[in-house]
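Here is the structure we will look at, set down as structure tokens.
The values are calculated or read from the model by the stated rules, or taken from the named source; none is laboratory data. For clarity, every value in this text was computed on a predicted model and none was experimentally measured. With ideal geometry, Cβ positions are generated from the backbone for all residues, glycine too; neighbour counts draw on all protein chains shown. Remember, those area values only see protein heavy atoms, side chains included, never the ligands or the DNA or RNA. Shrake-Rupley method; radii C 1.70, N 1.55, O 1.52, S 1.80 Å.
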Amino acid sequence: GLAIFTKENSNKYVVHSYNFFLFPSTLGVTDVEFTLSASSIQFLSHYGFDFNKFLKDGIPYMNEVQEESLSQRLSEGSWRVCSAVGRNVMKKAIDEVTRWIVAAEEGETMTLKDLSGSHMLEVQLVLRQALQNVWTQPLEDGEVVVKKVSLQQRRLLENSSYDYCRKELILTSARGFTNLFQILVEAKKPLVGHNMFMDLCHLHDKFYKPLPESYEEFKRNIHNLFPVLIDTKTVTKSIWRNHRFPRVSTLLEVYEVLCSNNLNPTDPTGPVITLTSDCSRYAEKKSPHEAGYDAFLCGSVLLKSAHLLLRRVTKCSDTVEADPSFSQYLTALAEYLNKVNFIRGGASSINFSGEDVPSQHPPPLVVRVRGWPQMNERQIYQELKALCRFDVRRLSENQFILLSNKFKHVRRVLRNYKHHPHLQISVYRHWRHSPRVNCLLQ
């Protein structure tokens with residue numbers, strides 16, 4: 001989901017909102033595997049996600065490592081089809097062409113039909129690689145024309161600007177959505193998200209480079225790509241503390257509170273946000289968890305939150321400038337720039353332009369299991385679920401780490417399991433519980 005906010009006259013912003021259905025590129029790269037949890041599919045289905053469009057018409061994408069591999073294969077002329085479906089399509093096409101070419105005269109043509117997007121390109125590359133006396137040209141509706149040519153004609157056609165299989169065109173097509181990602185990087189505009197840590201991980205991994213081992217390198221890379229990040233989750237957490245703002249959780253709830261007259265009953269200077277005509281259904285009907293709609297909500301929440309903060313800076317709700325500029329809003333948001341919300345981690349927010357703020361989360365707990373052999377994370381979670389919820393990760397064969405975002409849950413579980421016969425729970429101490437430290441001491 002991508003929503004582009006453009007400031008017009010006065011304090012009016014016009015929004016173009018888009019949905020992009022993405023599917024990993026299958027062109028000359030290692031066959032990508034990914035998993036889907038049943039609850040995620042159920043969630044997406046409930047909110048009307050178009051699975052057919054995602055699978056059949058999904059826009060390809062690739063990161064720099066995948067693109068380099070594809071570029072090398074194109075330069076070497078060593079094309080290989082990865083998928084089983086692709087190999088079947090290829091075999092059928094090669095059989096048809098090799099039977100036809102035996103009796104064909106120079107200049108004669110034949111047409112291969114019923115080829116899908118990537119198969120149209122792969123069939124041409126493989127045929128040209130295998131047969132020096134053919135030339136190919138794509139048509140609409142999944143058809144490819146194959147022509148028998150002389151070696152001299154073939155050399156002339158290969159250097160022609162009309163060749164649809166030129167390396168640069170293939171790479172542009174295979175990059176797909178990555179082309180738009182690169183435009184966003186070059187634009188250096190503020191990138192806004194809501195609880196956007198995982199979004200940033202995906203942007204880095206899918207369109208830039210595989211995620212690095214180093215956390216600091218990840219921070220540097222993201223900051224170089226997007227110098228100005230704004231996480232509306234971080235911003236609205238501050239508004240809870242400084243305004244009469246209900247503690248709501250979902251993005252839609254935050255948006256509705258910020259739009260309510262109860263929050264700004266006497267302020268006519270707030271930003272006016274309008275959707276373009278081709279996005280008008282978002283103005284008429286709520287579409288929660290549709291990517292383009294959530295992007296529209298996110299940008300709107302940012303503008304309305306920034307306006308509230310600007311009012312606080314001016315210390316007078318009635319004298320805010322009638323037409324505040326976006327740069328004034330950025331100034332009001334200064335303390336939140338590049339600070340991305342982080343759940344139950346070593347820092348409460350990740351600062352992509354400096355040192356992280358020390359965590360304000362409860363300390364992690366360690367569970368030592370005695371007398372219950374072969375316990376796993378799920379069993380520990382189920383055991384504690386009735387009392388309170390924790391994230392559970394294995395630390396060693398008989399020890400597990402517990403993480404919570406509520407101090408009362410930590411106190412409760414320490415109290416209730418103080419004399420438990422099988423589970424010994426205590427606050428995690430690195431020098432005592434770290435397997436590496438124990439190994440070193442031993």
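What distance in nm separates the simple spin-label points at GLU168 and ALA187, each placed 7 Å from Cα in the Cβ direction?
Rounded to a tenth, the inter-label distance reads 2.4 nm.
For HIS433, HIS46, HIS202, give the ranking by accessible area with the largest first, probe 1.4 Å. Write out the running numbers ahead of the final one.
Working: HIS433 15, HIS46 140, HIS202 90 Å².
Descending order: HIS46, HIS202, HIS433.
Round to the nearest 0.05 the FRET efficiency obtained for THR109 and ILE4 when R0 = 51 Å and r is the Cβ-Cβ distance. If you can, show how the numbers build up before the last one.
Details: r = 45 Å, r/R0 = 0.88.
Given R0 = 51 Å and the Cβ-Cβ separation, E is 0.70.
Based solely on C-alpha atoms, express the radius of gyration and the Dmax of region 139-224 in angstrom.
20.2, 60
Run through the DSSP bridge list for the chain and note the antiparallel percent, rounded to the nearest 5. Each step should come with its number before you reach the end.
On the way: 34 of 42 bridges.
Roughly 80 percent of the beta bridges in the chain run antiparallel, per DSSP.
May I ask for the angle, rounded to the nearest 10°, between helix 64-76 and the longest principal axis of the chain, with both axes built from Cα atoms and the value confined to 0 to 90°?
Here the helix axis deviates by roughly 10 degrees.
Quick check on the chain: helices-only [θ] at 222 nm, where DSSP H runs of length 4 and up contribute -39,500 (n - 2.57) each and the sum goes over total residues. Nearest 500, please. Display every interim value, and only then the final one.
Numbers: 19 runs with 192 residues, N = 442.
When only DSSP H runs of four or more count, the value is -13000 deg cm²/dmol.
Working from the alpha-carbon coordinates of region 365-439, get Rg over Rh, Rh being the Kirkwood radius. If you can, show how the numbers build up before the last one.
Details: Rg = 11.7 Å, Rh = 12.6 Å.
In region 365-439, Rg relative to Rh is 0.93.
Mind pulling the angle between the C-alpha long axis of helix 177-187 and the longest principal axis of the chain? Nearest 10 degrees, somewhere in 0 to 90.
Helix 177-187 sits roughly 60 degrees off the main axis of the chain.
Show me, for region 354-363, the HN-Hα J-couplings you get by feeding each phi into the Karplus relation (A = 6.51, B = -1.76, C = 1.60, θ = phi - 60°), rounded to Hz, glycine and proline as x.
x, 6, 6, 6, x, 5, 10, 8, x, x
Return one whole number: the accessible area per residue of the chain in Å², for a 1.4 Å probe.
Details: 25640 Å² over 442 residues.
Value for the chain: 58 Å² per residue.
Could you tell me the calculated FRET efficiency between ASN179 and ASP141, based on Cβ-Cβ distance and R0 = 30 angstrom, to the nearest 0.05?
On the way: r = 25 Å, r/R0 = 0.83.
That gives a FRET efficiency of 0.75.
In square angstrom, rounded to the nearest 10, how much accessible surface does SER396 have for a 1.4 Å probe?
Approximately 30 Å² for this residue.
Just to be sure I understand the model, the point goes 7 Å from the Cα along the line to the Cβ. What's the resulting ASP278 to SER426 distance in nm?
6.4
Let me see the P(r) profile for region 81-166: every Cα-Cα distance counted, bins of 10 Å, each bin given as a percent of all pairs.
17, 54, 27, 2
Round to a whole number: what % of the accessible area of the chain belongs to carbon and sulfur, probe 1.4 Å?
On the way: 13240 of 25640 Å².
Of all accessible area on the chain, carbon and sulfur atoms account for 52 percent.
Rounded, prolate or oblate, given the Cα gyration tensor of region 1-76, with a/c below 1.5 counting as rounded? Before the final figure, lay out each step's value.
On the way: a/c = 3.34, a/b = 1.37, b/c = 2.44.
The shape class here is oblate.
Take each of the peptides 90-101, 209-220, average the number of other beta-carbon atoms within 10 Å over its residues, and list them starting from the highest.
90-101, 209-220
Tell me, what HN-Hα J-couplings in whole Hz come from the Karplus equation 6.51 cos²θ - 1.76 cosθ + 1.60 at θ = phi - 60° for each residue of region 294-304, using x for Gly and Pro?
Taking θ as phi minus 60°, the curve returns 4, 5, 4, 4, 4, x, 5, 4, 4, 4, 5 Hz for region 294-304.
Once the Cβ-Cβ distance between LEU440 and SER238 is put in as r, and R0 is 35 Å, what FRET efficiency do you end up with, to the nearest 0.05? Spell out each step's value before the answer.
Details: r = 42 Å, r/R0 = 1.20.
Once the sixth-power term is evaluated, E becomes 0.25.
Suppose every K and R has +1 on its Cβ and every D and E has -1 on its Cβ; what is the size of the dipole of region 81-166 about the Cα centre, in Debye to the nearest 20?
Values: 11 positive and 12 negative charges, 65 e Å.
In total the dipole reaches around 320 debye.
Run the numbers on the chain and let me know its relative contact order in percent, using alpha-carbon pairs under 8 Å that are six or more apart. Mind dumping the intermediate values first?
On the way: 609 pairs, mean separation 67.9, N = 442.
Over the chain, the number comes to 15 percent.
Could you run the Karplus curve 6.51 cos²θ - 1.76 cosθ + 1.60 with θ = phi - 60° over region 374-381 and give me ³J(HN,Hα) per residue in whole Hz, x for Gly and Pro?
Taking θ as phi minus 60°, the curve returns 6, 6, 10, 4, 5, 5, 4, 4 Hz for region 374-381.
Which value, in Å² rounded to 10, gives the accessible area of ASP294 with a 1.4 Å probe and all protein chains present?
Roughly 40 Å² of ASP294 is accessible to a 1.4 Å probe.
Return the aspartates and glutamates within reach of LYS233: Cα separation strictly under 18 angstrom, same-chain partners fewer than 8 residues apart disregarded; answer none if there are no such residues.
Candidates past the 8-residue exclusion: ASP199, GLU253, GLU256, ASP294, GLU335, ASP356.
How many nm separate the modelled label positions at ARG247 and GLN152, each set 7 Å beyond the Cα in the direction of the Cβ?
For ARG247 paired with GLN152, the spin-label model returns 8.4 nm.
How do the peptides 325-336, 370-381 rank, highest first, by the average count of neighbouring beta carbon atoms within 10 Å per residue?
Values: 325-336: 15.2, 370-381: 12.3.
My ranking of the peptides, most packed first, is 325-336, 370-381.
Relative to the compact-globule scaling 2.2 N^0.38 Å, provide the ratio for the alpha-carbon radius of gyration of the chain.
Values: Rg = 28.4 Å, N = 442, 2.2 N^0.38 = 22.3 Å.
Taking N as the residue count of the chain, the ratio is 1.28.
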